[in-house]
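Worksheet: the structure to be examined is printed underneath.
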Amino acid sequence: MRVVFFFDGMTPESQRDIWIQRRQDKVNNIIKIFENLDNNSVVEPIHLKGMLPSLVAATASFVARYVCGCDVHISVSDCDMEMAHFAWKEHCFAILSQDTDFVIVQGTHHFLTVRELNLEKMTRLAYSREGLLKFLGLEPQQLFLLASLLGNNIVPVSKLTDFHNRLKQAHEGCELLHVVVNYIKKWNFSPSCDDEGLRAIAKDVFDDDSMARDLANSIQNYLSPSKEVQEGTTVANTKVSERKPVSTLKCPVCCTRHLPSFRLGKSV
């Protein structure tokens, strides 16, 4: 058993515009914090905004490798997908992260949240992909489409704003997640999301059927970690869809469970 760390390397070209926007958002948040300090206003704790000081990741990679003796990987493409593929290939116990994409992507047995990890009590919050599917009433492949229509590194939220506003206006008072789920169910899009279906989605969502390529890339990005998918078999026949739920959950989506200390190893 061992702990393996993954750190972002070069940002893929297809994600650079979003990366730049996120860096700008971070700068704007920092400016707002200093403005609040100047005005003696309430300042939200930085950790709640998910912001880390500059160069923390670069320094942490050296600490993890040379001080703690852990395996360290620097990504050369999409870091999340490299983590998921590694977890799948190495049969890892869990991915410990704060990125909810790991609830969707096929890669590991457990997804544990960093924010809810309690090292004193050795408890953590675990999300169940199967529980999420049951709660939303979607097929596994439709979950990839849902993630794409909510916005991610390939299909930015900025391109979905009009679509989201249209749905929220038609279903006033409903949360965005539920209206997008109902949108997928209403149109009865095929879980396989073939070219024709994706063009129809792109035309209706973006009023631009050329966006079908971005949707296809987004969906494929979630599929890529699975060895069976890479070899050409369908997702429905992979081991992921055959796995039993991680546990019987109080909530269909997440639960808090005790985490044995000796099983922390081989996390990603």
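Can you pull out the residues in the stretch 71-129 that are polar (S, T, N, Q), surrounded by fewer than 17 Cβ atoms within 10 Å (Cβ to Cβ) and either assigned to a strand (DSSP E or B) or more than 12 Å from the chain's Cα centre (by Cα) (or both)? Write out each step before concluding.
Step one: list which residues in the stretch 71-129 are polar (S, T, N, Q), which gives 75, 77, 97-98, 100, 106, 108, 113, 118, 123, 128.
Checking the rest, the ones that are also surrounded by fewer than 17 Cβ atoms within 10 Å (Cβ to Cβ) come to 77, 98, 100, 118, 123.
Those that are polar (S, T, N, Q), surrounded by fewer than 17 Cβ atoms within 10 Å (Cβ to Cβ) and either assigned to a strand (DSSP E or B) or more than 12 Å from the chain's Cα centre (by Cα) (or both): SER77, ASN118, THR123.
Here is a check on your reading of the model: is LYS186 open to solvent by 30 Å² or more (accessible area, probe 1.4 Å), at pLDDT below 85 and either farther than 27 Å from THR161 by Cβ or of a type in the set (Val, Ile, Thr) (or both)?
no
Conditions: (1) open to solvent by 20 Å² or more (accessible area, probe 1.4 Å); (2) of a type outside the set (Gly, Ala, Ser); (3) assigned to a helix (DSSP H, G or I); (4) touching a helix residue (DSSP H, G or I) at 6+ places or on another chain (Cβ under 7 Å). PHE135 meets all but one. Number of the miss?
Tallying (1) open to solvent by 20 Å² or more (accessible area, probe 1.4 Å); (2) of a type outside the set (Gly, Ala, Ser); (3) assigned to a helix (DSSP H, G or I); (4) touching a helix residue (DSSP H, G or I) at 6+ places or on another chain (Cβ under 7 Å), PHE135 fails exactly one: (4).
Can you tell me which residues in the stretch 151-176 are hydrophobic (A, V, I, L, M, F, W, C) and open to solvent by less than 60 Å² (accessible area, probe 1.4 Å)? Talk me through it step by step, then tell me what you get.
Going through the stretch 151-176, the residues hydrophobic (A, V, I, L, M, F, W, C) turn out to be 154-155, 157, 160, 163, 167, 170, 174, 176.
If the condition is that a residue be hydrophobic (A, V, I, L, M, F, W, C) and open to solvent by less than 60 Å² (accessible area, probe 1.4 Å), then ILE154, VAL155, LEU160, PHE163, LEU167, LEU176 are the ones that fit.
For residues that are part of a loop (DSSP other than H, G, I, E, B) and more than 26 Å from PHE62 (Cα to Cα), scanning just the stretch 1-41, find the one that is modelled with the lowest pLDDT. Spell out how you get there, then give the answer.
In the first step, residues of the stretch 1-41 are kept if they are part of a loop (DSSP other than H, G, I, E, B); the result is 1-3, 8-12, 39-41.
So of that shortlist, the ones also more than 26 Å from PHE62 (Cα to Cα) come out as 39-41.
Values: ASN39: 82, ASN40: 82, SER41: 77.
This residue is SER41.
Within the stretch 60-74, does at least one residue satisfy the condition of being modelled with pLDDT under 80 and β-branched (Val, Ile, Thr)?
Pass one, the stretch 60-74, residues modelled with pLDDT under 80: none.
No, every residue in the stretch 60-74 fails to be modelled with pLDDT under 80 and β-branched (Val, Ile, Thr).
Could you check, for the stretch 48-59, whether at least one of its residues is of a type in the set (Val, Ile, Thr), surrounded by 12 or more Cβ atoms within 10 Å (Cβ to Cβ), at pLDDT 80 or above and not in a loop (DSSP other than H, G, I, E, B)?
We begin by selecting, within the stretch 48-59, every residue of a type in the set (Val, Ile, Thr); these are 56, 59.
Those left that are additionally surrounded by 12 or more Cβ atoms within 10 Å (Cβ to Cβ): none.
Among the residues of the stretch 48-59, not one is of a type in the set (Val, Ile, Thr), surrounded by 12 or more Cβ atoms within 10 Å (Cβ to Cβ), at pLDDT 80 or above and not in a loop (DSSP other than H, G, I, E, B), which makes the answer no.
The values are calculated or read from the model by the stated rules, or taken from the named source; none is laboratory data. Everything numeric in this text was worked out from a predicted model, so none of it was measured. Please note: Cβ atoms are built from the backbone with ideal geometry, for glycine as well, and neighbour counts cover all protein chains shown. These accessible areas exclude ligands, DNA and RNA; they are computed on the full protein's heavy atoms, side chains included. Shrake-Rupley method; radii C 1.70, N 1.55, O 1.52, S 1.80 Å.
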